[in-house]
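Q: Quick one: structure below, then a few questions.
The values are calculated or read from the model by the stated rules, or taken from the named source; none is laboratory data. The shown structure was predicted, so the numbers you read here are calculated from the model rather than taken from an experiment. Don't worry about glycine lacking a Cβ; one is built from the backbone with ideal geometry, like all the others, and counts go over all protein chains shown. Each accessible area value is taken on the protein alone, full model and side chains, heavy atoms only, with ligands, DNA and RNA left out. Shrake-Rupley method; radii C 1.70, N 1.55, O 1.52, S 1.80 Å.
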Amino acid sequence: MSLFRNAVFSFSASRLTDLPPPDAAEIAFAGRSNAGKSSAINTLVGATRLAFVSKTPGRTQLLNFFRLVSGDFIVDLPGYGYARVPEAVRRDWRGLLEGYLTRRPSLIGLVLIMDARHPLTELDRQMIEWFAPTGRPMHVLLTKSDKLARGVASRTLDAVRNALAEFGAQVSVQLFSSLNQVGVEEAEAALGGWLKRHQRQPKEKPPAKGEKTGG
Ligand code: GDP
């Protein structure tokens, strides 16, 4: 069974200081609003509306945590690129995102959701700039690929790969469609690989009494 099935909403955080100790692995999802982030998360977890929790009033500017059966988390980051966001909100958003992406020790990888018709916006590049120095992997989902003709989709994939070639193996890119379920297995394999590699890494501290060590 997929590692992502049966995830449940766990909690939201508006400040880094509200986050729990970094004991479980976290995979963050970032993207321009309307790029298809909620749909992609729902597709991966196999739930029709789970990630729309992040769109309910009061939660759109928060980090929303969904707990996987393994105990690890998917973290839905606030969507960006709204034209009419007040400057103060934009500043808060920057601080929260930059702090989380650059300093969260348990964040093992970043999934970047981009509408295949408008990839690599300025804010997408900002996310990459913040996260790349951590040395951890990024995976780009070019969503709504069903809206592109096959040839155009394949050229877009090549163009985005070329644009990100400087990051080498740290960045991978694929086509994805929540509507047609295209790319679901490829995405599961990429993210599942991060979780498995993380589980195999020696832990800095011994597990607490009674805690399972996996395997
Ligand atoms: P978010 O704001 O990034 O969370 O985006 P949503 O997941 O809410 O999707 C925004 C809009 O794009 C909605 O109308 C979705 O139905 C549509 N959408 C999302 N993914 C796909 C897809 O793979 N194909 C198509 N055709 N539409 C999609």
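Q: State whether the stretch 70-215 is rounded, prolate or oblate according to the following rule on the C-alpha gyration tensor (a ≥ b ≥ c being the square roots of its eigenvalues): a/c under 1.5 gives rounded; otherwise a/b larger than b/c gives prolate, and the remaining case gives oblate.
A: Oblate, because a/c is 1.5 or more while a/b does not exceed b/c.
Q: A follow-up question, please. Which residue, Pro105, Gly71, Val152, has the largest displacement toward the positive end of the dipole of the chain when charges sit on each Cβ (Lys, Arg +1; Asp, Glu -1)?
A: About the Cα centre, the residue reaching furthest to the positive side is Gly71.
Q: Now a separate question. Lys/Arg Cβ at +1, Asp/Glu Cβ at -1, dipole of the chain taken about the Cα centre: which of Asn42, Val53, Leu179 is farthest positive-ward?
A: The residue sitting most towards the positive pole is Val53.
Q: Something else about it: Rounded, prolate or oblate for the stretch 6-150? Axes are the square roots of the Cα gyration tensor eigenvalues, ordered a ≥ b ≥ c, and the cut-off for rounded is a/c under 1.5.
A: In terms of gyration-tensor shape, rounded.
Q: Once the mean 1/r over all distinct Cα pairs of the stretch 41-98 is inverted, what Kirkwood radius in angstroms do you read off?
A: In the stretch 41-98 this quantity evaluates to 12.7 Å.
Q: Can I ask one more? For a quick check of understanding: with a 1.4 angstrom probe and all protein chains in place, what accessible area in square angstrom does Glu26 have, to the nearest ten?
A: Taking all protein chains as shown, Glu26 has close to 0 Å².
Q: Where Rh denotes the Kirkwood radius from the mean inverse Cα pair distance, what is Rg over Rh for the stretch 1-88?
A: 0.97
Q: Right, here's the next one. Ignoring ligands, DNA and RNA, please state the percent of accessible area on the chain from carbon and sulfur, probe 1.4 Å.
A: Answer for the chain: carbon and sulfur cover 51 percent of the accessible area.
Q: Can you grab the distance from the C-alpha centre of the stretch 1-68 to the C-alpha centre of the stretch 131-209, Å, no decimals?
A: Measuring centre to centre over Cα atoms gives 17 Å.
Q: If the only charges are +1 at each Lys and Arg Cβ and -1 at each Asp and Glu Cβ, what is the size of the charge dipole of the stretch 1-155 around the Cα centre, to the nearest 20 debye?
A: In debye, rounded to 20, the stretch 1-155 gives about 440.
Q: I'd like to compare 135-147, 88-100, 170-182: which one has the highest average count of other Cβ atoms within 10 Å, and what's the full order after that?
A: Result, highest mean Cβ count within 10 Å first: 135-147, 170-182, 88-100.
Q: Also: If the cut-off is a Cα-Cα distance under 19 Å, which aspartates and glutamates reach Lys196, setting aside same-chain residues fewer than 8 apart in sequence?
A: Counting by Cα, and skipping residues close in sequence, Lys196 has these aspartates and glutamates nearby: Asp23, Glu26, Asp72, Glu185, Glu186, Glu188, Glu204, Glu211.
Q: While we're on this one: Can you order the peptides 49-58, 193-202, 30-39, 125-134 by their average number of other Cβ atoms within 10 Å per residue, highest first?
A: So the peptides 49-58, 193-202, 30-39, 125-134, ranked by packing, come out 30-39, 125-134, 49-58, 193-202.
Q: For the stretch 1-45, what does the accessible surface come to per residue with a 1.4 Å probe? Please give it in Å².
A: 43 Å²
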